[in-house]
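Down below is the structure, laid out as structure tokens.
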Amino acid sequence: MQKRYTTWNEYLRTNFGEKIFKVPIDAGFDCPNRDGTVAHGGCTFCTVSGSGDMILEPEAPIADQFAAEVAQFHKKWPGVKKYIVYFQNFTNTHAPVEVLKERFEQAVNQPDVVGISIGTRPDCLPDDVVDYLAELNRRMEVWIDLGLQTTYEETSDLINRAHDYETYVDAVKRLRVHNINVCTHLINGLPGETSEMMLENVRRMVLDSDIQGVKLHLLHLMKQTRLQRDYHEGKLQLMSQEEYVKVICDQLEMIPKEIVIHRLTGDAPRDLIIGPMWSLKKWEVLNSIDAEMERRGSVQGCKDVRLSDLITF
């Protein structure tokens with residue numbers, strides 16, 4: 001079925017002419033709000049293993065991780081021949097540029113790699129790192145997966161992001177000078193944020209930054225996180241599937257159609273997640289989003305915030 005929004009898979013097929021695997025890698029980086037550089041403890045929603053809970057062999061050398069992930073993908077899609085390496089776990093530019101080069105080059109020199117996607121934070125992009133990313137971008141497809149999560153400073157402080165919104169806006173500007181693709185991450189369901197605030201997050205992100213992609217996530221409440229304490233103290237209300245689907249569809253209508261939707265929900269290990277448990281039925285959630293967009297008769301960008309002043313809060 002043709003989606004009513006611009007999917008990552010559609011973007012890849014259009015630009016490369018075939019299906020592409022995105023191969024997750026754990027390169028052993030930490031985060032500046034975990035190691036004391038700017039804070040301690042990390043984001044309150046993050047587990048001790050970061051965002052790489054689903055990586056098959058996170059402790060293995062990069063080449064071995066790559067081989068294991070590709071072999072797993074080929075069990076379902078044996079005909080895929082090209083790959084984008086995804087440095088996923090923690091903050092993948094939180095190191096001197098010489099270290100980044102050593103680790104990234106191991107990955108991009110694997111057979112049939114046509115691109116690299118790098119998960120990082122806005123406050124970990126000094127000029128020498130941006131210059132190296134620009135050089136990489138001249139060699140292959142480069143995406144920077146930039147964690148923002150929220151545009152509200154009070155929420156950011158509450159979840160211990162330890163950087164402000166202006167740092168994000170500046171980071172995108174400096175990347176876009178070199179035509180580096182930026183995919184911004186936002187989380188729906190953060191503590192204290194209403195549906196209206198979630199829509200405002202999207203409005204600000206679109207109007208304030210020249211981004212090429214977005215990942216919209218549901219907040220997963222995980223074991224071994226600081227957020228677990230807030231939940232048990234009644235400070236956090238988990239979203240229902242119906243609430244989430246409505247917010248996602250409202251957000252899609254606001255996002256310009258040329259921005260690629262990399263993700264509309266995330267994956268979480270069943271043995272670590274506390275809730276919402278409905279999120280484990282990923283395809284049911286995605287199908288519900290499709291059905292709601294069809295029911296509305298709407299498509300991505302039909303209420304494009306770059307073209308309209310209709311949405312105000």
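The values are calculated or read from the model by the stated rules, or taken from the named source; none is laboratory data. This structure is a prediction, so every number in the text was calculated from the model and none was measured. Every residue, glycine among them, receives a Cβ derived from its backbone with ideal geometry; neighbour counts consider all protein chains shown. These accessible areas exclude ligands, DNA and RNA; they are computed on the full protein's heavy atoms, side chains included. Shrake-Rupley method; radii C 1.70, N 1.55, O 1.52, S 1.80 Å.
Structure notes:
- Any chance residue 139 is charged (D, E, K, R), within 27 Å of residue 11 (Cα to Cα) and buried (at least 23 other Cβ atoms within 10 Å of the Cβ): no
- Selected residue (only one of 232, 220 is farther than 30 Å from residue 131 by Cβ and without any contact (Cβ under 8 Å) to a residue 40 or more places away in the chain): 232
- Residue in the stretch 182-189 that is assigned to a strand (DSSP E or B), touching a residue at least 60 places away in the same chain (Cβ under 8 Å) and over 23 Å from residue 278 (Cβ atoms) present: yes
- The set of residues in the stretch 108-124 that are crowded, with 16+ Cβ neighbours inside 10 Å and in contact with a Lys or Arg (Cβ under 7 Å, 6 or more places away or on another chain) comprises 114, 117.
- Contacts under 7 angstrom Cβ, first residue in the stretch 148-159 being farther than 12 Å from residue 191 by Cα, partner of a type in the set (Phe, Trp, Tyr), 6 or more apart: 148/168; 151/165; 153/165
- Condition check for residue 38: part of a loop (DSSP other than H, G, I, E, B), touching a residue at least 60 places away in the same chain (Cβ under 8 Å), open to solvent by 40 Å² or more (accessible area, probe 1.4 Å) and among the aliphatic types (A, V, I, L, M): yes
- Among the conditions (1) open to solvent by 30 Å² or more (accessible area, probe 1.4 Å); (2) modelled with pLDDT of 95 or more; (3) of a type outside the set (A, V, I, L, M), the only one that residue 192 does not satisfy is (2).
- Residues satisfying the stated conditions in the stretch 259-294, i.e. in a helix (DSSP H, G or I) and in contact with a helix residue (DSSP H, G or I) (Cβ under 6 Å, 6 or more places away or on another chain): 278, 288, 289, 292, 293
- Taken over the stretch 210-235, the residue count meeting the criterion of being open to solvent by 10 Å² or more (accessible area, probe 1.4 Å) and in a loop (DSSP other than H, G, I, E, B) is 9.
- Top-ranked residue in the stretch 169-185 [being touching a Gly at 6+ places or on another chain (Cβ under 9 Å) and not polar (S, T, N, Q); ranked as nearest to residue 238 (Cα to Cα)]: 185
- When the stretch 295-313 is filtered for residues that are part of a helix (DSSP H, G or I) and either in contact (Cβ under 8 Å) with a residue 24 or more places away in the chain or open to solvent by less than 20 Å² (accessible area, probe 1.4 Å) (or both), only 296 remains.
- Residue match in the stretch 249-257 (condition: among the β-branched types (Val, Ile, Thr), over 18 Å from the mean Cα position of the chain (by Cα), in a loop (DSSP other than H, G, I, E, B) and crowded, with 16+ Cβ neighbours inside 10 Å): no
- Of the candidates 288, 308, the single residue that is among the polar types (S, T, N, Q) and at pLDDT 95 or above is 288.
- For the stretch 16-48, residues that are within 24 Å of residue 262 (Cβ to Cβ) and of a type in the set (A, V, I, L, M) total 4.
- Residue 157 farther than 24 Å from residue 257 by Cβ and either surrounded by fewer than 22 Cβ atoms within 10 Å (Cβ to Cβ) or within 19 Å of the chain's Cα centre (by Cα) (or both): yes
- Residue in the stretch 103-110 that is among the charged types (D, E, K, R), over 19 Å from residue 262 (Cα atoms), in a helix (DSSP H, G or I) and over 23 Å from the mean Cα position of the chain (by Cα) present: no
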